[in-house]
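Inspection log for the structure reproduced underneath, given as structure tokens.
The values are calculated or read from the model by the stated rules, or taken from the named source; none is laboratory data. Note that the coordinates shown come from a computational prediction; the quantities given were computed from them, not determined experimentally. Cβ sites come from the backbone with ideal geometry, for glycine too, and all protein chains shown count toward neighbours.
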Amino acid sequence: MSETNAGAGHGWVRSWSAAPQAPDAGLGSLDGVTPFKDVTVRQVVRISGGGHRVRVRLSNEYGTAPLTVGAAGIGLAVDGGAVREDSARVLTFAGRPAVTVPAGAPILSDPIDLPLPALTTLSISLYLPELVESCTYHDSSLDPAWILAGNAVAEAVLPGEAEPLPARALLSAVEVVPDAPATAVVVLGDSLVDGFGSTPGTHSTVPELLADRGLYVSNQGISGNRLLNDGLGASGLARFDRDVLATPGLGHVIVSLGHNDLSIAAMPRDGDGPLADLLAMFPGGPVTPDDVIAGYRQLIARARDRGVKIHIATLTPDEGAEMHTAAGESARQAVNTWIRTSGAFDGVLDFDAAWRDPAHPSRVREDLHAGDHLHGNDAGYRALADSVDPSLFH
């Protein structure tokens, strides 16, 4: 029997993910971090759905040279960076404890038999003996991670001199073989999916809150991401095949993109304003509602070619935020009207209705934003998740 059909007769399903980014295509969380060499990176992740076999996907997709992993391990995480010793397992690659990953490529570990209930918190450690010149990463991380000197993969307790790591490094997915048939839900989006503004360590992002309801959820949000143009991460159209359609066990995708396309395109570019540095990170010309709608139609066609159901989130209010303009608001309303009335998607998640202030519909309710009138706080992301009917994904 092949690995795909191993175990209880069910194939692999992605249970956790972080969208890969180039080191110069994020918020800069790695800027003050010494390039990895002869260090162990230990990262904590919380899976969504459980299973009885597990494998890990590493990414050198934005690497400029081969990546050497000298040793790797996985186990159940204990607070403070420790690993529960009876759960510790060595990760291997084609039966070997070390591997070299070509530049531009991902790699999957060998499967490991390890019973994992839903919402299990895992610790994953990678020993990097050679210089990592260009680290594929995800910016930023809401779960703890550390850098340890030397090969500390087998260390159950975190040494006192461990250095905090503020981003995901080289780790892009955890996949399991479930105990019963299951499908993955991928949430493709920007900072609202990535959880910007939520409290670190509380699992308050929309994908994690949906996982609390028993779904296998893969978070493919990138803060600052756009649908049509690159900038902070490759555009949604560019990364759709890798980050969504290649997901093992994929059944549904939720799209929460387009807001940054419209609002950034509508902002004045006078070259020396207070937001000039921000705007320099977002190249591209004017973007209209019709452009965003055409992008949505591309995602719909590509999803349905694979037999995947595709759902869309309406664009949330932003009046009071630095990026708000009257032109951007008009464009947002036009796109939301199309989303609600076109019938083009399999489902509509009305995030706009969940967040808007009834007395001032172009603003987020005061108790739901993170102080910037744009991103959610913990209550705000819970309001979005609570507005989603989980029966859409069954």
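Conditions (1) of a type in the set (V, I, T); (2) surrounded by fewer than 18 Cβ atoms within 10 Å (Cβ to Cβ); (3) at pLDDT 95 or above, marked per residue:
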| residue | (1), (2), (3) |
| --- | --- |
| T4 | yes, yes, no |
| W12 | no, no, yes |
| W16 | no, no, yes |
| A25 | no, no, no |
| D31 | no, yes, no |
| K37 | no, yes, yes |
| V41 | yes, no, yes |
| V44 | yes, no, yes |
- Being of a type outside the set (K, R) and either touching a Phe, Trp or Tyr at 6+ places or on another chain (Cβ under 6 Å) or surrounded by fewer than 18 Cβ atoms within 10 Å (Cβ to Cβ) (or both) narrows D318, D352, D378, D386 down to just D386
- Task: Could you give me the residue pairs with C-beta distances under 6 Å whose first residue belongs to region 277-300 and is modelled with pLDDT under 95, whose second residue is surrounded by 14 or more Cβ atoms within 10 Å (Cβ to Cβ) and in a loop (DSSP other than H, G, I, E, B) wherever it lies, and which are 6+ apart or on separate chains?
- Result: G284/N229
- Task: For region 129-179, enumerate the residues that are within 11 Å of V41 (Cα to Cα), over 17 Å from the mean Cα position of the chain (by Cα) and charged (D, E, K, R).
- Result: E163
- Item | Selection count, region 295-312, where residues are under 15 Å from L257 (Cα atoms) and not hydrophobic (A, V, I, L, M, F, W, C) | 5
- Message: Checking D243 against (1) acidic (D, E); (2) out of contact with any strand residue (DSSP E or B) (no Cβ under 7 Å at 6 or more places or on another chain); (3) assigned to a helix (DSSP H, G or I), only one condition comes out false. Which one?
- Response: (2)
- Task: Identify, from the list E366, E322, the residue that is at pLDDT below 95 and in the same structural domain as G258 (by TED's automatic domain parsing).
- Result: E322
- Message: Give me the strands (runs of 3 or more DSSP E) completely within region 68-180, filtered to those with at least 3 residues that are of a type outside the set (S, T, Y), at negative phi and surrounded by 18 or more Cβ atoms within 10 Å (Cβ to Cβ), ordered by residue number.
- Response: 71-78, 121-128, 145-149, 171-177
- Tell me, yes or no, whether region 325-336 has at least one residue that is closer than 27 Å to L392 by Cα, free of Cβ contacts under 8 Å to residues at least 60 places away in the same chain, surrounded by 20 or more Cβ atoms within 10 Å (Cβ to Cβ) and assigned by TED's automatic domain parsing to the domain that holds D389. yes
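Do you know which of the residues in region 186-200 that are part of a helix (DSSP H, G or I) and under 9 Å from the mean Cα position of the chain (by Cα) is farthest from F393 (Cα to Cα)?
Ranking the candidates gives D194 first.
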